[in-house]
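Have a look at the structure below before the remarks.
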Amino acid sequence: MYIFWIIPVFLILYIIRIIIGPSVWDRLLGMNLVATKVVIIIIAFASLYELTYLLDFAIVYEIFGFISTIFISLFLMERKKGGKK
């Protein structure tokens with residue numbers, strides 16, 4: 001299956017984006033993309049070996065990834081404004 005060879009290449013590129021930045025928003029986007037690719041790998045592995053319980057883990061992992069991205073974005077926006085509403 002080609003997905004197990006293509007996705008790690010993208011993961012390496014996203015990790016490079018996380019390391020070099022240049023802004024916090026680029027790093028946050030890279031973290032979100034890494035989380036999404038991990039979910040894709042879990043789903044592909046689950047469908048390949050017919051392990052349906054892994055789909056539940058993928059859903060929960062993606063929900064936590066989405067919520068953490070929202071909260072980190074809100075935190076960064078508040079920090080940029082100086083903490084005042």
key: Top positive-direction residue, dipole computed over the chain with Cβ charges, set S23, V34, I63   = S23
key: the chain: relative contact order as a whole-number percent, Cα under 8 Å and 6+ apart   = 22 percent
request  = Go ahead and estimate [θ] at 222 nm for the chain from helices alone: -39,500 (n - 2.57) per DSSP H run with n ≥ 4, summed, over the residue count, rounded to 500.
outcome  = -30500 deg cm²/dmol
request  = With the cut-off at 16 Å, report for the chain the share of all Cα pairs above it, as a whole percent.
outcome  = 60 percent
remark   = Sorted on mean Cβ neighbours within 10 Å (highest first), peptides 23-30, 51-58, 75-82 come out as 23-30, 51-58, 75-82
task = Please state the charge dipole magnitude for the chain, taken about the Cα centre, from unit charges on C-beta atoms (+1 on K and R, -1 on D and E), reported in debye and rounded to the nearest 20.
result = 680 debye
task = Read phi for every residue in the range 38-45 and hand back ³J(HN,Hα) as whole Hz from Karplus 6.51 cos²θ - 1.76 cosθ + 1.60, θ = phi - 60°, with x for Gly and Pro.
result = 5, 5, 4, 5, 4, 5, 5, 5
Surface accessible to a 1.4 Å probe, per residue, for the residues of the chain, Å² = 78 Å²
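The values are calculated or read from the model by the stated rules, or taken from the named source; none is laboratory data. Bear in mind that the values here come from a model prediction, so they are computed numbers and not experimental data. Backbone-built Cβ (ideal geometry, glycine too); neighbour counts: all protein chains shown. Each accessible area value is taken on the protein alone, full model and side chains, heavy atoms only, with ligands, DNA and RNA left out. Shrake-Rupley method; radii C 1.70, N 1.55, O 1.52, S 1.80 Å.
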